[in-house]
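Take a look at the structure set out below.
The values are calculated or read from the model by the stated rules, or taken from the named source; none is laboratory data. Because the structure is predicted, anything quoted here is derived from the model rather than measured. Glycine also receives a Cβ, built like all others from the backbone with ideal geometry; neighbour counts cover every protein chain displayed. Just so you know, the surface numbers come from the protein's heavy atoms only, side chains and all, with ligands and any DNA or RNA stripped out. Shrake-Rupley method; radii C 1.70, N 1.55, O 1.52, S 1.80 Å.
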Amino acid sequence: MYDITLKINARLQPIDRGDEYEDPIGEALKSRGLGEVTGGGTMLESTGEVKYCEVDLSLEDGSEQTMEALLQILDEIGVPKGSVLQWEGHKQPVGRLEGMGFYANGTELPLEVYQNCDINVVIREMESLMEGVGRFYSYWEGPEDTALYFYGTSFEEMRGRIEKFVEEYPLCHKSRIVRIA
């Protein structure tokens with residue numbers, strides 16, 4: 001067996017890491033007889049926010065054909081820019097998706113905004129507006145912000161599609177949008 005780590009430049013809760021990457025990669029490797037997923041992990045910032053994720057793979061061999069098949073699987077699934085395959089002292093950059101972090105202010109808005117608005121409405125509306133360009137992957141609830149993580153083909157287009165909604169929906173006021181991949 002040939003062990004490889006996929007360091008994913010994505011901010012995902014462990015359950016989301018499994019749903020978005022571990023399970024699909026594992027199924028694709030197994031169906032093609034190439035190997036399996038053997039584990040995964042999540043690296044956190046000092047704040048508790050996710051910094052990046054890892055997925056551990058065990059391939060049948062390290063042949064060029066197997067590596068090309070793995071790269072094709074990753075391209076089909078979609079991995080954020082800044083991700084890396086690591087093995088035996090080697091590193092191979094992978095990923096084409098761009099990431100957008102939307103940070104909803106959790107402390108500075110009027111109390112009635114928090115009582116009358118719903119972060120799930122924000123997620124649904126943003127995902128609808130980004131259809132065909134990006135989608136929601138995960139979230140983080142911090143002491144002052146709630147972060148929503150979206151990945152897709154273009155940060156600028158994802159941001160552009162939600163600008164009007166962000167201006168209009170009270171829960172989005174005083175938010176910030178950050179490129180995360």
For this session: Restrict the check to the stretch 53-65 and report whether at least one residue is over 28 Å from Pro143 (Cα atoms), in a strand (DSSP E or B) and open to solvent by 20 Å² or more (accessible area, probe 1.4 Å).
Result: yes
Exercise. Ile73: in a helix (DSSP H, G or I), modelled with pLDDT of 95 or more and of a type in the set (Val, Ile, Thr), yes or no?
Worked result: yes
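Let's see how each residue does on (1) farther than 26 Å from Ile25 by Cα; (2) more than 14 Å from the chain's Cα centre (by Cα); (3) assigned to a helix (DSSP H, G or I):
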residue	(1), (2), (3)
Leu85	no, yes, no
Lys91	no, yes, no
Tyr103	yes, yes, no
Gln115	yes, yes, yes
Met126	yes, yes, yes
Tyr139	no, no, no
Glu157	yes, yes, yes
Arg161	yes, yes, yes
Lys174	yes, yes, no
For this session: Only residues that are assigned to a strand (DSSP E or B) and either on the phi > 0 side of the Ramachandran plot or among the hydroxyl-bearing types (Ser, Thr, Tyr) (or both): list them for the stretch 17-38, please.
Result: Gly35, Thr38
Exercise. Among the residues of the stretch 1-16, which ones are in a loop (DSSP other than H, G, I, E, B) and surrounded by 13 or more Cβ atoms within 10 Å (Cβ to Cβ)?
Worked result: Asn9, Ala10, Arg11, Leu12, Gln13
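So that you can scan it fast, the table gives a plain yes or no per residue for (1) of a type in the set (Asp, Glu); (2) within 20 Å of Pro14 (Cα to Cα):
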residue: Gly78; (1), (2): no, yes
residue: Glu88; (1), (2): yes, no
residue: Glu112; (1), (2): yes, no
residue: Asn120; (1), (2): no, yes
residue: Arg135; (1), (2): no, yes
residue: Ser154; (1), (2): no, no
For this session: Determine whether Ile25 is among the aliphatic types (A, V, I, L, M), out of contact with any Ser or Thr (no Cβ under 8 Å at 6 or more places or on another chain) and surrounded by fewer than 18 Cβ atoms within 10 Å (Cβ to Cβ).
Result: no
Exercise. Inside the stretch 102-123, can you point out the residues that are surrounded by 12 or more Cβ atoms within 10 Å (Cβ to Cβ) and either among the polar types (S, T, N, Q) or without any contact (Cβ under 8 Å) to a residue 24 or more places away in the chain (or both)?
Worked result: Asn105
Exercise. Counting just the residues of the stretch 124-136 that are open to solvent by 30 Å² or more (accessible area, probe 1.4 Å) and touching a Gly at 6+ places or on another chain (Cβ under 9 Å), which one comes out farthest from Val166 (Cα to Cα)?
Worked result: Gly132
Problem set entry | Residue check, Met126 farther than 19 Å from His173 by Cβ, touching a residue at least 24 places away in the same chain (Cβ under 8 Å) and in contact with a Phe, Trp or Tyr (Cβ under 8 Å, 6 or more places away or on another chain) | no
For this session: Select, from Lys30, Lys51, Lys7, the only residue that is more than 16 Å from Gly78 (Cβ to Cβ) and either more than 11 Å from the chain's Cα centre (by Cα) or of a type in the set (A, V, I, L, M) (or both).
Result: Lys30
Problem set entry | Options Gly39, Gly99: the member that is of a type in the set (Gly, Ala, Ser) and surrounded by 14 or more Cβ atoms within 10 Å (Cβ to Cβ) | Gly99
